[in-house]
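Read through the structure below, which is laid out as structure tokens, and then see the notes.
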Amino acid sequence: MFLAPPDRPETWELIQRLALGDWQGINPLIVSLFNLMGVWPLLYAGILAVDGRGQRFPAWPFVAASFLVGAFALLPYLALRQPNPRVIGTLDKGLKLWEWRGTAILLSLLVMVLLGYGLLWGEWADFWQQWRSSRFIHVMTLDFCLLSLLFPLLLPDDWARRAMGDRPWRWWTVLPLVGALLYYLRRPPLILSEKCVS
């Protein structure tokens, strides 16, 4: 952040327009990236909803804050959490929602639309220029990269909670965003009290 370009006076207006869906005249790559930054907390919630149950601190405040400040909100949780390879208790409605295959499918469809919009209609030269000149775009891009790098760190415990063993496809998660979605789509049900829970 200290090496990021200076802040621009129109940054707040850009953030408001992006948040309100007033995207006319904004590079589709920036629109896509901004909206994908809202998908990442949902993907983290799919893992941390279970992980946070066995921790001293609940995960949900960190996940909620990550909608506003991205990976910076998740870093304290990741630093404070302890290994948690078991599911404790029963699955409440919230956990069942994150375990529901439909949630993974809906998130995947949303990501495909956002990626398609950005990649098909985005202007890379303009994005590169804005990345070099706008602190907001610069930090948002680096935050996306950090979220991509941190996600696989949570997975060994999730693999254990699902008795996944040595399934080679679980390593797809190192692919930024797409790998996390593939994992979310393919992961088996949680193992709870010696039985599978879907």
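Here, each number is a calculation from the coordinates, and none is a lab measurement. Remember, it's a predicted structure, so these values are computed and weren't measured experimentally. Here the Cβ is made from the backbone with ideal geometry for all residues, glycine too, and neighbour counts use every protein chain on show.
Within region 128-155, the set of residues being closer than 16 Å to residue 10 by Cα, assigned to a helix (DSSP H, G or I) and of a type outside the set (A, V, I, L, M) comprises 129, 130, 131, 132, 133, 135, 136, 138. Going through (1) under 16 Å from residue 161 (Cβ atoms); (2) surrounded by fewer than 18 Cβ atoms within 10 Å (Cβ to Cβ); (3) acidic (Asp, Glu) one by one, residue 99 falls short only on (2).
Out of 160, 180, one residue alone is in contact (Cβ under 8 Å) with a residue 24 or more places away in the chain and out of contact with any helix residue (DSSP H, G or I) (no Cβ under 8 Å at 6 or more places or on another chain). It is 160. Hey, any hits in region 83-96 for a residue that's touching a Pro at 6+ places or on another chain (Cβ under 7 Å) and either closer than 19 Å to residue 151 by Cβ or exposed (fewer than 13 other Cβ atoms within 10 Å of the Cβ) (or both)? Checked against the condition, which is being touching a Pro at 6+ places or on another chain (Cβ under 7 Å) and either closer than 19 Å to residue 151 by Cβ or exposed (fewer than 13 other Cβ atoms within 10 Å of the Cβ) (or both), region 83-96 yields no hits at all.
I'm trying to understand the selection: among the residues of region 147-171, which are farther than 26 Å from residue 88 by Cβ and crowded, with 17+ Cβ neighbours inside 10 Å? Answer for region 147-171, where residues must be farther than 26 Å from residue 88 by Cβ and crowded, with 17+ Cβ neighbours inside 10 Å: 147, 148.
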